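Just so it is clear, none of the values below were taken in a lab; they were calculated from the coordinates. Keep in mind that what you see is a predicted model, and the values were worked out from it rather than measured. Cβ atoms come from the backbone with ideal geometry, glycine included; neighbour counts cover every protein chain shown.
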Amino acid sequence: MLNYAIKRLLLLVPVFLAVSVVIFMIIHLVPGDPIDNMIQIGSSPEQKAALIARYGLDQPLLLQYGVWLRNLLRGDLGDAMILRRPVFQLIAENLPHSLRLGGLAFLFSTVVGIATGALAALFKDSWIDRSVMALILLGSTLPSFWLGLLMIMVFAVQLEWFPVSGARSWTALVLPVLTIGLHGVALVARVTRAAMLDIGRRDFVLMLHAKGLSHRRIQLQHVLRHALLPVVTILSLRIGWIVGGAVTIEFVFARPGLGSLLITSLAQRDYPVVQGCLLMLAMAVMLGTLLGDLVQAGMDPRVRDNLR
Amino acid sequence: MSAFASSPLWRVLRTWRGGVSLAVLLAIALAAIFAPWVAPYPYDIQNLSATNKAPSLAHWLGTDEFGRDVLSRIIYGARTSLTVAMAAIFGSVTLGMGLGAAAGYFGGLFDRIVTAIVDLTWSFPEVLIALIFVAILGAGLYSTMVAISIAYLAQFARLTRAQIMAIKSETYVEAAANLGSGHLHILFRHLLPNAITPVIVAGMLAIGDAIILEATLGFFGLGVQPPKPSWGAMMSSGTGQIFLAPWTILGPGVAIAIAVVSINLFGDALIEALDIRNRVREV
Amino acid sequence: MALLDVRDLSVSIGALQPLDRIAFSLDKGSILGLVGESGSGKSLTAMALMGLLPLIGGRVSGGSVRFDGTELVGLAEERYRALRGHRIALITQNPMTSLDSMLRVGEQIDQVGLLHLGLSAAQARARSIELLTQLRIPDAATVHQQYPHQMSGGMKQRVVIAMALAGDPELIVADEPTTALDVTIQAQIIQILVDLVRQRGLALVLITHDMGVVAQACDQVVVLYAGRVCEGSSVEAIFARPAHPYTQALIACIPRAGQARGSLQGIAGMVPSVSNYASGCRYHPRCALAQAVCQTDVPPLRTVAEHHRVACHFAMQDAASHG
């Protein structure tokens, strides 16, 4: 199992390199001189020369990439143009907020999603099932940023239960987590329900009935366990949506985090920051996917044995 | 006539879901096409003496912070959303089908390379990919189209490739190959027609997602630029008026919701009628 | 009193009626073979006996199933659950798919003891290991901790049998327990079942399409065709004096040692699907003795000799001519 994990981790390297190339190229594909895109207008020639030396901007492209990569691995992600602070610092400040939001949203989606999906399957065709299906429809078709705005309008502005924006207290987390989470719940519940109904038709379930177990016990203690496999598969494939959701929702709720940092720096054309954020977010997606794969492999006894 | 009566389209139309959602979609499309005749006001006429007015008989959905009629802006905004989404998805489907079909049919190293790239982008959220390309291309109508197009490329390439690979080994294809048909001939006559349907339906459903993505980018201020009306940008400027004029946010939002829900319902009904559920949704 | 008494059992699925007035009875310590080709309704009978028809969208539309005096048709679900796995056990056809792939096999056997016999975890485990040993599984304690995918088909089927025995049943319904197994294992498994019946005084309904198995193991036979009983008798009578044309054809199909090559015999025609059942006697389209009356009148199940019943308009003639 450990070997498998290490192998997959190593496979991540070429993927990371490929992504980093694309992100590196951003500065060079954007119209204008890369130097001007990295430094403020009105900088002195000495500052420009220092920049050229630091990033090897007078070198051929390939070497530039090498320099950039080397700087990256040393923690030097460049300096923000507008704020004139190291990008690394900006990211380090914002990352914890995003992690908190993303983590909680993931937890919420998974737990509530599996629970509602299982309930829907258990009480198939009842009002419970139909309500869950309606919830799934809403959660998967409503744009998340609109949902966020709606939440703000109802719960923050009208009812004043939660703050409208920012991250000053833990209550400020509730609405953003719910907004991202609702979309996730829809996905997880849909897969859980479908998986449970599908598995419920298998032979071993017939056998469980023949042994005298009750329907409820069979569904919750046996079928659900099998259904978790496709759920984990889906979650690990689509872990990206949490990142995407966090980016959008942070902006909507004006929360600090990598997402709002990315959006604002895009609007301001602060490319070093843009690159840094994109890189971090891409890494988050890759690591999340890897983690999902590992959990998946660990859950199925057949796969576990094959890996030994 | 009887052929139509038994065709999947008719079966879909007969259901509540299929019929109503298609009617709604047609209404939206017609409103967008004939916007200058349907909208009560032009979208950019400002009336600074009537800013942030609540919905009334004169302005069914109220006015925004510049006194512009919200309803008209929503109707014109439909043009933007639909155009961008459909153009982007059309490009995405075409390119994706081409890549996926070629990869699935020819196999070998080409297939492996394409699959590696596609799988790479597959796990990334569409928002992120779109943002990357907006970073490179800047904001605006065309860059939004391209960005969205690329964001969904992986989905269609994968889907097509899976369809092609499933059909490739069917005996009638082998027979055609043995009889000396060329590669292109086999691709176009035999493989693509069967593979096309699930991809087309997936494309339709993706238009709904694309509308949301376009609105999201617009909300960030990175999509279609003013004065062109865009649902996302309307909501973004609406947040400044969140206490004074919530209808500026609700209006476009409801419009998006109606459009996307209709697309999803119609698509689902179509999937059931064609009985291709297992081939369309990989995820 | 017979342990199991089935009378006029009819099963419907939706608008179709796949089983029509099935009847047979079974005593303790004996084995009844339920024979027929695929599609004859054998598995449905098993499901009906276990009360599991709702799982496949079916229901009992008529008749009675009496188990030890208790009427099972219409029995409340909680009471039926108390019987299943405990006094009546099921062995299914495909051991590859009837075990839960995510649980160790031992746990799956223990479950029965925990549920029905009120055993403690340790007691259940000991009992399971003992059962596995009795079923001639070597190193039962290790096997107890294994997962299904780590075993062969024959071992898995023994696990399934152990699961069936764990509740101390009086009646076992075995639906084609050897069909999915290698020929070499088949005879072993059948012998295990026979020994269990003789040693513990169980009753066994053995569903099969293989007349050879019937000859090897059964005391009584019931022949099914297209959802109806054609013939029911002791095993000796059925082989010595088969009265129904279908039974005769089935027996003629059994390959014999010394048969000339290329002379395998079959029965002309195909088993009809439920929606295509013929009128009158359902076998008449494939029957050599068919006359006009066979198409119009359903032949009733009549007693032609002691414990020997046949449903055929011309069985009497045959039986008479065979003496």
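Here the residues C:Thr247, A:Thr171, ranked from fewest to most Cβ neighbours within 10 Å of their Cβ, fall in the order A:Thr171, C:Thr247.
Relative to the 2.2 N^0.38 Å rule of thumb, chain A has a C-alpha radius of gyration ratio of 1.22. When you restrict to C-alpha pairs under 8 Å that are six or more residues apart and normalise by the size of chain C, the relative contact order lands at 21 percent.
Here r is the Cβ-Cβ distance between A:Ile82 and A:Met283 and R0 is 30 Å; the resulting FRET efficiency, rounded to 0.05, is 0.80.
The order of A:Leu261, A:Leu69, going from fewest to most other C-beta atoms within 10 Å of their C-beta, is A:Leu69, A:Leu261. Applying 1/(1 + (r/R0)^6) with R0 = 30 Å to the Cβ-Cβ distance of C:Gln145 and C:Asp182 gives a FRET efficiency near 0.75.
Of the chymotrypsin sites (Phe, Trp or Tyr not before Pro) in the stretch A:116-210, the ones in a loop by DSSP (not H, G, I, E or B) with at most 10 other beta carbons within 10 Å are A:Trp170. In the stretch B:8-282, inverting the average of 1/r over every pair of distinct C-alpha atoms gives 20.3 Å as the Kirkwood radius. Arranged from fewest to most other beta-carbon atoms within 10 Å of their beta carbon, B:Arg73, B:Arg158 become B:Arg158, B:Arg73.
For the peptides B:261-268, A:240-247, the ranking by packing is A:240-247, B:261-268, with the highest mean count of neighbouring Cβ atoms within 10 Å listed first.
So what are the ³J(HN,Hα) numbers for the stretch A:264-280, from phi and the Karplus equation (6.51, -1.76, 1.60; θ = phi - 60°), rounded to whole Hz, Gly and Pro as x? Using θ = phi - 60°, the values come out as 5, 6, 5, 5, 8, 6, 8, 5, x, 5, 4, 4, x, 4, 4, 4, 4 Hz.
Our summary of shape: the Cα atoms of chain C have principal axis extents of 66, 50, 34 Å, ordered from largest down, in whole angstrom. Relative contact order of chain A: what whole-number percent is it, with Cα pairs under 8 angstrom and at least 6 residues apart? Computed over chain A, the figure is 25 percent.
Calculated over the stretch C:121-222, the projected area of the Cα convex hull averaged across directions stands at 6.7 nm². The alpha-carbon positions of the protein assembly as shown define a convex hull whose volume is 239 Å³ per residue. Dipole magnitude for the protein assembly as shown: about 260 debye, using +1 per Lys or Arg Cβ and -1 per Asp or Glu Cβ, origin at the Cα centre. Per residue of B:128-140, other chain Cβ atoms within 10 Å of the residue Cβ number 6 on average. Peptide packing for C:286-297, C:31-42 was compared via the average number of neighbouring C-beta atoms within 10 Å per residue; ordered from the highest value, the list is C:31-42, C:286-297. Converting phi to 3J(HN,Hα) with the Karplus coefficients 6.51, -1.76 and 1.60 and the offset θ = phi - 60°, the stretch C:288-298 yields 6, 9, 4, 10, 4, 5, 5, 7, 9, 10, 6 Hz in sequence order, with x at every glycine or proline. The mean number of Cβ atoms from other chains found within 10 Å of a Cβ in peptide C:293-300 is 0, as a whole number. Lys/Arg Cβ at +1, Asp/Glu Cβ at -1, dipole of the protein assembly as shown taken about the Cα centre: which of B:Val20, B:Thr160, C:Gly106 is farthest positive-ward? Positive-most Cα among the choices belongs to C:Gly106. Of A:Val205, A:Ser265, A:Val231, which is farthest on the positive side of the dipole of the stretch A:196-308, counting Cα position, with +1 on Lys and Arg Cβ, -1 on Asp and Glu Cβ, and the Cα centre as origin? The Cα lying farthest towards the positive end belongs to A:Val205.
The residue list B:Ser92, B:Gly253, A:Leu278 was ranked by how far each Cα lies along the charge dipole of the protein assembly as shown toward its positive end, using unit charges on Cβ atoms, and A:Leu278 comes out on top. Projecting label points 7 angstrom from Cα along Cα→Cβ for C:Asp27 and C:Asp8 puts them 2.6 nm apart. Note on A:Leu29 and B:Ala116: the model spin-label points, each 7 Å out from Cα along the C-beta direction, lie 1.9 nm apart. Along its first, second and third principal axes, ordered by size, the stretch B:1-148 spans 67, 53, 22 Å in Cα coordinates.
Taking packing as the residue-averaged number of other Cβ atoms within 10 angstrom, the listed peptides C:194-206, C:141-153 run from highest to lowest as C:194-206, C:141-153. Across peptide B:219-228, the average count of Cβ atoms from other chains found within 10 Å of a residue's Cβ is 3.
Applying 1/(1 + (r/R0)^6) with R0 = 45 Å to the Cβ-Cβ distance of A:Asn3 and A:Ser169, what FRET efficiency is obtained, to the nearest 0.05? It comes out at approximately 0.50.
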